[in-house]
Structure formats: structure tokens, C-alpha cells
Amino acid sequence: MSKSLQAIRGMNDILPDQTPVWRYVEGKVSRLLDNYGYKQIRMPIVEFTELFKRSIGEVTDIVEKEMYTFEDRNGDSLTLRPEGTAACVRAVLEHGITGGGQVQKLWYIGPMFRHERPQKGRYRQFHQIGVEVFNLDGPDIDAELIVLTWRLWGELGIRDAVKLELNSLGTSEARARYRAALVQYLSSRLSELDEDSQRRLKSNPLRVLDTKNADTQAVLVDAPKLVDYLDEESRVHFEGLKARLDAAGIPYVINPKLVRGLDYYSKTVFEWVTDKLGAQGTVCAGGRYDGLVEQMGGKPTTGVGFAMGIERLILLVETLEQIPQELARQVDVYLCAFGEAAELAALALSERVRDQLPNLRLQINAGAGSFKSQFKKADKSGALYALILGDDELAQQVVGVKPLRGQGEQQTIAWDALAEHLATCVVQG
Ligand code: HAM
């Protein structure tokens, strides 16, 4: 195929054999968020570039080198969203729905775009489910966000494979004091730092803590610790969060080097990580961003949230073999009809059955065909039963109900009794 007719590298089709697991995971998450009282919001995929620069931060990997930015026909600089928080903050501000201290507990789902080097678990178009809460400033809501993800991991069967890492970045004043101390220390050992860290030291020194370079990591062992610079308010908040997680029985580790790659965080930050997916082990990440709304022109409004990568979640569910068996079967009943008159009756009958059993997954044969070919299609569909409607059945107003997965003998059922019969023998997915 010519190159122009292929999908863009790092942007994947999700083919029909994969969509059941996507819908399963998305269904679990959306039901859970409904149950905790979160409401869905849908933002556009494209925003003004300025939005991301101002919120995520000019000197971050995302803004410096990963955004899909282009000029539209008006000459405006637009960007495919690399994440959801910025757009969500823009939306609540624009519509005034957090004004006057109104609490908003929101969630969103959709594609995000980052020009990263594609590999397993890392794509250029990927999908997030994100949650953002506005105007609740206590550790109770931070804890709720973590508790609900913990419940989700339980429901998806991946709890044993994920670990919660926690840190507090403090208020922006505390972080400024810490930044100064860190810069002073790292500057005194500048020649021992890798090139990237030397550059970050000038532009975004906290990100040096994130380095993968072993020599720089060795230098960091004696570096000042953020926790020693925490202000009282952030310390009390962090203690409050830890107490709630302890009370809820959720295990965590404090990772003093967890700083996150986006600039808007303050106080709590957290990541759920796994060692089952190789290098791309963070399945869900987030934190508090109490200064962001104000920074973007709104009244002081606290915020906290997280986002999970759906591809990574699915990879983990698959790796741990936690996909429910029922997902493999998409059809309950396959209706075969032989001859024009039977086809007409089959269509009417199938609609009657659908009226009575709205959840039944009934596939009606299309394209006619011999007995043999229709049975082959019925079997391939994965259905539990084939319904058979030929001239004889038509004359007697019955159908043959033939088990396809070894559950007993074929039966003959009157049209009027068909829905009731299927209700008893098909466990509806
Ligand atoms: P993030 O850490 O940049 O945070 O992304 C959140 C999650 O999205 C990651 O933990 C990962 O699971 C997934 N993810 C990120 N990049 C990729 C990629 N290239 N391919 C596949 N999955 C990826 C945020 O986006 C923040 N907006 C989260 C947040 C919400 N903080 C507060 N509220």
C-alpha cells in the first residue's frame, strides 16, 4: 500500500476483534464514575496552542517537543490536545460553572496526541479517561480519587499488579524555596550531570529529579529533599491524605522524586505504576493543581484530578489474562432462513423477538445461502443457538432451535413461544 494510504505512525486502528475489550474497560470506568457522582464533560480535540503553553508549561517535554501544532486557515495556531486538564479548566472557566465556589466533579474520555517515540504502551494518538474536581481543597477528595481507582483495579482484576506512588510538591512558595536549594546544590556538581539535566537545571530544575541517567541519579542521592521544604499547610494536607489511605487499607509508597512532567501541580501528586508492561509502566497519574485556574485567568479555584491511559490499562488486563470469557461471544442466536417466503417471515419474527427481548443479541442471516453455508456462518458467529426457518417450519409457524455448542438436542418451538424459550436458555451478555 502506498505510504500516504497508511495510518500515521503511532496512531492505531482499533479493529473489531479489539473493540469488545475497549468497550468493556470503558464501560467499567464510566459506570464506576457515575456511581461516585462524577459527571461527564466533552471538550473539543483542538484548542488554541496558547492554552497548553500556559497550563502545561513552556519548558516541558510536551510543549517543547511533543505537540501537534498547526496553523488553521485563519492563521491561528491550534494544537491537537496532548492531555485533558487544560481544556477542562478552559471549559469550566468559559462557562462559569466553577464560579462562586461551585463544586464540579467531572470526567472525560477521548483521544490525546503527543509526538513521542512510539513503542509498546506509548503512542502518538492514545486515549485517556480523566477526572477533574474543582473547589474541593481537602485531602478527603484526593483520597476519594485514589480509592475509586483502587476499586477499578479490583474490578478489572489488576490490583495485585499496580503500585501507588505518592508525593507532595507543596505550595508554589515552598517549591520555589526548594528549587533554589536544589539549583544551588546541583550547580555545585554541574560537571557530574548529564547534558539533558544540565539543560533542565536552567529551565526546569525539578525535572532533574526525574532523570534516568545513572551518574546524575548518584549525584541526586545527597540532594536536598522536597519533603524538608514542605510548608505546614501542604504537610498537614499530605498527612491527611496518608491517614485516609491507611484507613481505607490502600498500600502506597512515598516517592520523593515523583515530580510529574506537567508544570501545573502543587501539593499531592501520584502515579499508579506496574512492572508488567516494560518501560511504559504508568497506567494512571495525577495530582492537585490549586493554582492553575487562577493562572489561566479565573478566580482562585482549587483543582485535583488524574488521567489513565486506556491502551496501557488494556495491555495490563490482557497481560494478566483478566479478560472475561463472555467477551469472546458477540452473538447469542443466529437466525437462518431458507427461501424467499421464509426470509420474509424470519424478518418479521426476529423483530417480534427483539421487541420482547431487547438485550438479546440476535443476528439474522443476510445473503441467503444453502443449509451448509448458513450453518457454517451461524457456527462462526459464535452463537449459542441457530434458529432454523424453512418451508416446513413456515407452514407450521414454528422454528427449529439447534444448539451449536453441545447443549442438548434440537427443539421445535412455536413462533409465539420463541421469545420465552430463548429467555430461559440464553444467558444474555
Ligand atoms: P500524564 O501523566 O501526562 O498526565 O498522562 C496520564 C496517563 O496517560 C499516563 O499515566 C499514561 O497512562 C497515559 N499516557 C500518557 N502519554 C501516553 C502515550 N504517549 N501513550 C499511551 N498512553 C499515554 C496527564 O495527562 C494529566 N492531564 C493528568 C491529570 C489530570 N492531572 C490532573 N488531572
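Only the coordinates and a few stated rules stand behind these numbers; no lab work does. Not measured: the values here are computed from a predicted model. Heads up, the Cβs are rebuilt from the backbone with ideal geometry, glycines too, and the neighbour counts pull from every protein chain shown.
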Positive end of the dipole of the stretch 212-329, charges at C-beta (+1 Lys, Arg; -1 Asp, Glu), about the Cα centre: which of S234, G298, T216 has its Cα farthest in that direction? G298
Modelling each spin label as a point 7 Å along the Cα-to-Cβ direction, I'd like the I254/R42 distance in nm, to one decimal. 4.4 nm
Compute the separation of the alpha-carbon centres of the stretch 1-70 and the stretch 297-375 and state it in Å as a whole number. 24 Å
Net dipole in debye of the stretch 146-213 [+1 Lys, Arg Cβ; -1 Asp, Glu Cβ; about Cα centre; nearest 20]: 220 debye
Calculated diffusion of the stretch 1-119, Stokes-Einstein form, Kirkwood radius summed over Cα pairs, 37 °C and 0.692 mPa s, µm²/s: 195 µm²/s
Mind checking Rg over Rh on the stretch 199-316, alpha carbons, Kirkwood formula for Rh? 0.97
Residues N12 and E351, FRET efficiency given R0 of 35 Å [Cβ-Cβ distance, rounded to 0.05]: 0.40
Report the calculated FRET efficiency for L32 and V59 (r = Cβ-Cβ distance, R0 = 60 Å), to the nearest 0.05. 0.95
Net charge within 12 Å of K402 by Cβ-Cβ distance, Lys/Arg positive one each and Asp/Glu negative one each, not counting K402 itself? -2
Across bins of 5 angstrom width beginning at 0, how are the C-alpha pair distances of the stretch 307-405 distributed, in whole percent? 3, 12, 20, 19, 14, 8, 7, 7, 5, 3, 1, 0
HN-Hα J in Hz across the stretch 286-293 - Karplus 6.51, -1.76, 1.60, θ = phi - 60°, x for Gly and Pro: x, x, 8, 9, 5, x, 5, 4
For the chain, calculated [θ]222 nm from helices alone, where every DSSP H run of n ≥ 4 adds -39500 (n - 2.57): -11500 deg cm²/dmol
Among L349, L80, L186, which one shows the highest mean-square fluctuation when the chain is modelled as a Gaussian network with alpha-carbon springs under 10 Å? L349
Which of the lysines could a cross-linker bridge to K225, judged by Cα under 20 Å and excluding same-chain residues fewer than eight apart? K202, K212, K242, K257, K267
Under unit Cβ charges (Lys, Arg +1; Asp, Glu -1), what dipole magnitude, rounded to 20 debye, does the stretch 176-267 have relative to its Cα centre? 180 debye
What is the list of residues in the stretch 106-122 whose amide nitrogen lies under 11 Å from a point 7 angstrom out from the Cα of E195, following Cα to Cβ? none
Shape call for the stretch 185-246 from the C-alpha gyration tensor, a ≥ b ≥ c root eigenvalues: rounded (a/c under 1.5), prolate (a/b greater than b/c) or oblate? prolate
Which values of log₁₀ I(q)/I(0), to two decimal places, follow from the Debye formula for the chain at q = 0.07, 0.10, 0.11, 0.14 Å⁻¹ with a uniform point scatterer at every Cα? -0.48, -0.81, -0.91, -1.25
Centre separation in Å (Cα based) which lies between the stretch 118-136 and the stretch 214-266: 22 Å
Quick shape check on the stretch 254-310: root eigenvalues a ≥ b ≥ c of the Cα gyration tensor, a/c under 1.5 is rounded, otherwise prolate if a/b tops b/c, else oblate, and it reads prolate
Would you tally the net charge around L51, using a Cβ to Cβ cut-off of less than 14 Å, leaving L51 out, and scoring K and R as +1, D and E as -1? -3
Cα gyration tensor of the stretch 59-149, axes a ≥ b ≥ c as square roots of the eigenvalues: rounded (a/c below 1.5), prolate (a/b > b/c) or oblate? oblate
In the stretch 1-41, the trypsin sites (Lys or Arg not before Pro) that fall in loop regions by DSSP, at most 11 other Cβ within 10 Å: R9
For the chain, the dipole about the Cα centre with charges only on Cβ (Lys and Arg +1, Asp and Glu -1), to the nearest 20 debye, works out at 720 debye
Quick one: net charge around D160, please, counting Lys, Arg +1 and Asp, Glu -1 for every other residue with C-beta under 12 Å from its C-beta. +2
